[in-house]
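Okay, structure first, notes after.
FYI, it's all coordinate maths here, none of it is from the lab. All of these numbers come straight from a predicted model, not from anything done at the bench. Methodologically, a virtual Cβ is constructed for each residue, glycine included, from the backbone with ideal geometry; neighbour enumeration extends over all protein chains shown.
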Amino acid sequence: MTDDLDRWKQAAAESAVARVDHGMIVGLGSGSTAAFAVRALGRRVREGLRIMGIPTSERTAAQARALEIPLSTLAEYPQIDVTIDGADEVEAGSLNLIKGRGGALLREKIVASVSKRLVIVVDQTKMVERLGAGESVPVEVIPFGWQVAAVRLGDLGANPLLRRETGVEPFKSDGGHYILDCAFGPITSVESLARELDHVVGVVEHGLFIGMTSEIHVGGPDGVRVVAA
């Protein structure tokens, strides 16, 4: 099954990357599926495609440099033509997302927020009827007093779990923050929950991406299906 998933991810990534044109500023997503897209972009760059990449994580930046994809920053390019990224869950009806399993949700959301188009690549197992049914919502918090934020998140109905890197030490994002993986179960109102999370003191950002997606490229056994917002 893992081989099938990888083939579906690769097909979805290549479908999305085919939409990239010369001269574009391209946001480079993070995570296992986005890595397929970065690899496909690297191949197109070697074939002569001229783009500028804005990476959403240090890991993605390292991958892009190894593939000789030109990179810059938001300081140089404050608006992005298209960002290609993955997702942990996609709500089929709304195309709202849960992102952040890879720990780069803050930078991913910043880049997405200044992108003309956010293109998501997933395999078909990531499509769900309601967000939260199978995935926790990652919530990035500052290390100081993270326990206070965890209590408040618990009051909102979550079961917050501090993400750990080695089983002992807390995972730290590229920004030096902790991540609480919050199991809410199926989320009835994503918008309401997002507003609640935005008002928890100590929360830097959360993994609910609402109304940001332009299109989804979904890989499966019958090929790639493109769903536009």
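The DSSP beta bridges internal to region 19-153 are antiparallel in roughly 10% of cases.
Determine Rg/Rh for region 75-133; Rg is computed over alpha-carbon atoms and Rh is the Kirkwood hydrodynamic estimate from the same atoms.
Values: Rg = 12.2 Å, Rh = 12.2 Å.
With Rg and the Kirkwood Rh in hand, the quotient comes to 1.00.
Full extension of the chain segment joining Ala62 with Asp21 gains 12.5 nm, where the gain is 0.36 nm per residue of separation less the Cα-Cα distance. Amide H contacts for Leu71 (H built 1.01 Å from N in the peptide plane; partners 5 or more residues away or on another chain; cut-off under 5 Å): Gly53.
3J(HN,Hα) along region 101-117, derived from phi through the Karplus expression 6.51 cos²θ - 1.76 cosθ + 1.60 where θ = phi - 60°, amounts to 4, x, x, 10, 4, 5, 5, 4, 6, 4, 5, 4, 5, 10, 9, 5, 9 Hz, with x in place of Gly and Pro.
Once the Cβ-Cβ distance between Arg7 and Ser94 is put in as r, and R0 is 35 Å, what FRET efficiency do you end up with, to the nearest 0.05? Intermediate results must be reported in sequence, preceding the final value.
Details: r = 27 Å, r/R0 = 0.78.
Taking R0 as 35 Å, the efficiency between Arg7 and Ser94 is 0.80.
Reported to the nearest whole Å, the Cα centre-to-centre distance from region 1-33 to region 144-190 is 29. Looking at region 97-229, what % of the alpha carbon pairs are farther apart than 21 Å? Summing the P(r) of region 97-229 above 21 Å gives 43 percent of all pairs. Excluding same-chain neighbours fewer than eight residues apart, the aspartates and glutamates reachable from Lys116 by a Cα-Cα span under 18 Å are Asp21, Glu76, Asp81, Asp85, Glu108, Glu215.
When the Debye formula is applied to the Cα atoms of region 1-140, each taken as the same point scatterer, what base-10 log of I(q)/I(0) results at q = 0.09, 0.18 Å⁻¹? Those come out to -0.24, -0.99, one per q. If you take the Cα atoms of region 137-206, find Rg, then find the Kirkwood Rh from the mean of 1/r over all pairs, what is Rg/Rh? When Rh is taken as the Kirkwood radius, the ratio is 0.96.
Within region 139-223, which GluC sites (Glu not before Pro) sit in a loop by DSSP and count at most 12 neighbouring Cβ atoms inside 10 Å?
Sites meeting the loop and neighbour criteria: Glu165.
Among residues other than Leu105 whose Cβ falls under 15 Å from its Cβ, what is the net charge (Lys/Arg +1, Asp/Glu -1)? Each step should come with its number before you reach the end.
Numbers: positive: Arg59, Lys99, Arg101, Arg107, Lys109, Arg163, Lys172; negative: Glu58, Asp85, Asp88, Glu89, Glu108, Glu135, Glu140, Asp174, Asp181, Asp198, Glu205.
Net charge in that neighbourhood comes out at -4.
Karplus-based coupling profile of region 183-192, in residue order and whole Hz: 8, 9, x, x, 8, 6, 10, 5, 5, 5, with θ = phi - 60° in 6.51 cos²θ - 1.76 cosθ + 1.60 and x standing for Gly or Pro.
Only DSSP H runs of four or more residues enter the estimate; each adds -39500 (n - 2.57), and after division by the residues of the chain the mean residue ellipticity at 222 nm equals -9000 deg cm²/dmol.
Can you give the % of DSSP beta bridges in the chain that are antiparallel, to the nearest 5? Don't skip to the answer; put the middle values down first.
Details: 22 of 42 bridges.
Expressed as a percentage, antiparallel bridges in the chain total about 50.
Remark: spin-label model distance Gln124-Glu76 equals 4.1 nm, labels positioned 7 Å along the Cα→Cβ axis. Each residue, Ser189 and Arg44, gets one label point 7 Å from its Cα in the Cβ direction; the gap between the two is 4.0 nm. Considering only chymotrypsin sites (Phe, Trp or Tyr not before Pro) in DSSP loops that have at most 15 other Cβ atoms within 10 Å, the longest stretch of the chain without any of them is 1-143.
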